[in-house]
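The values are calculated or read from the model by the stated rules, or taken from the named source; none is laboratory data. Computed from a predicted structure; not experimentally measured. Here Cβ is always computed from backbone atoms with ideal geometry, including for glycine, and neighbour counts include all displayed protein chains.
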Amino acid sequence: MYKKLTITAVIIIGFILLIIFIPKNTSAPGTEQQGQGLAFFTQDEVAAHATESDCYSIVGGEVYELTDWIARHPGGAQDIIDMCGVDATESYDEVHGNKKGTYSSLEKFKIGTIAE
């Protein structure tokens, strides 16, 4: 009985130590921005998501997860696939830049910002 109690105490103390020593906030790329629920990404991290089944893109310094939008994009899937893994600001603005509400329509896909 004492052996089980000792093991239980060691496990509880271990969890408490983990909670105490795990960092809560960091500004490293790919981590949460304080209070916003968004992450910082490097361009290399975005470039690692360059496929139709895993598509991140940069538009205007913000990072968007566009995988689910590929099949639903009214202009065709290829336009979004071409944006995967790259800074697509210029091509996005060429097509959508002067249309009202296009940047605000991206907001639902926003997952972060490019780290400087």
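Return yes when residue 12 is in a helix (DSSP H, G or I) and either hydrophobic (A, V, I, L, M, F, W, C) or at pLDDT below 95 (or both) and no when it is not.
Values: in a helix (DSSP H, G or I): yes; either hydrophobic (A, V, I, L, M, F, W, C) or at pLDDT below 95 (or both): yes.
Here the answer is yes, as residue 12 does meet what is asked.
Which ones in segment 105-116 are part of a helix (DSSP H, G or I), touching a residue at least 40 places away in the same chain (Cβ under 8 Å) and among the small types (Gly, Ala, Ser)?
Of all residues in segment 105-116, those part of a helix (DSSP H, G or I) come to 105-109.
Okay, now just the ones that are also touching a residue at least 40 places away in the same chain (Cβ under 8 Å), so 106, 109.
Matches in segment 105-116: none.
Only residues that are surrounded by 13 or more Cβ atoms within 10 Å (Cβ to Cβ), charged (D, E, K, R) and modelled with pLDDT under 95: list them for segment 84-116, please.
93
Does residue 62 fit the bill of being among the charged types (D, E, K, R) and under 17 Å from the mean Cα position of the chain (by Cα)?
On the way: among the charged types (D, E, K, R): yes; under 17 Å from the mean Cα position of the chain (by Cα): yes.
Taking the combined requirement at face value, the residue satisfies it.
Would segment 87-104 turn up any residue that is assigned to a helix (DSSP H, G or I) and either of a type in the set (Lys, Arg) or in contact with a Cys (Cβ under 6 Å, 6 or more places away or on another chain) (or both)? Spell out the reasoning first.
Restricting attention to segment 87-104, the residues satisfying the condition of being assigned to a helix (DSSP H, G or I) are 89-96, 102-104.
Still in the running and either of a type in the set (Lys, Arg) or in contact with a Cys (Cβ under 6 Å, 6 or more places away or on another chain) (or both): none.
The answer is no, given that none of the residues of segment 87-104 is assigned to a helix (DSSP H, G or I) and either of a type in the set (Lys, Arg) or in contact with a Cys (Cβ under 6 Å, 6 or more places away or on another chain) (or both).
Would you check which residues across segment 57-83 are exposed (fewer than 15 other Cβ atoms within 10 Å of the Cβ) and among the charged types (D, E, K, R) and list them?
68, 72, 82, listed by residue number.
Just checking, which of 47, 28 is of a type outside the set (Phe, Trp, Tyr), at pLDDT 60 or above and under 20 Å from the mean Cα position of the chain (by Cα)? Spell out how you get there, then give the answer.
Values: 28 fails: at pLDDT 60 or above.
The unique qualifying residue is 47.
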